[in-house]
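Each reported figure results from applying straightforward, stated rules to the coordinates on display, with no laboratory input. Not measured: the values here are computed from a predicted model. So basically every Cβ, Gly included, is an ideal-geometry build from the backbone, and we count neighbours across all protein chains shown.
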Amino acid sequence: MPLIFGLSSNDIDQAIFHVAGALEVPVLILALLALALVIFELGSYAVEMTRRRQRRFDALQRAAARAGEALAGHDRAGAAAAVSGVARSPAMAGTLAFVVEHAGMPGSEHQLNKALADFDFDSQRRLARTRMLVRAGPALGLMGTLIPLSPALTGLAAGNTAQLSHDLRVAFSVTVVGLLIGAVAFGLSLSRDRVYSQDLSDLQYLAAVISDPRTLGGNSSSPSPRTPAAEKTGPVTPSTAS
């Protein structure tokens, strides 16, 4: 047999075989941990959905209006209480508290934009867990399938049907577990991405309404909207001297 760095191909094959065999138990443990993690994420998702069943845009509008009225009267505690009911997660509640605390202050526009960006970043970080499981689950399932096949073939060659049956049972079971992890994690990632995008949209709406100078009682640089009566009569032009 040819030698590579003093090792024959048979030695290299045996080394790879032993490395793969040593990975069998860690892969099975990681597959079980990934299954436990995806079950935990599924439970967390169910809790999140129960909080979001009551979401309605009219309630969001009323909360924004009450918060704006409270801020116009310099009552930040009342504004915080007005929007506390629309928060559907601790992260959303913290961002809303920051918006109410800094709305109308000098330089608050950049601070509010940064708070909203941080909320989006935190949402993406939470999504990263299930997105990782989308890839890790099938990968662990594939590794857990291929690793036992080598001793299974060895048992088949030796006529050891008991070892063959055991190794094939382990291989197929890990395949099912890995595919289950990937499928559930994929569904969670898609749904959570939509839900967190909706939360960010609601926060942007609340921040825009609450920090509006007209809401805070200040002067707005934009012209006031025309009344329906003015729209019917058309623009008023100054009369020329006869």
So how strong a dipole does the stretch 41-186 carry about its Cα centre when Lys and Arg Cβ are +1 and Asp and Glu Cβ are -1, to the nearest 20 debye?
300
Taking a ≥ b ≥ c as the square roots of the eigenvalues of the Cα gyration tensor of the stretch 18-110, is the shape rounded (a/c under 1.5), prolate (a/b larger than b/c) or oblate?
prolate
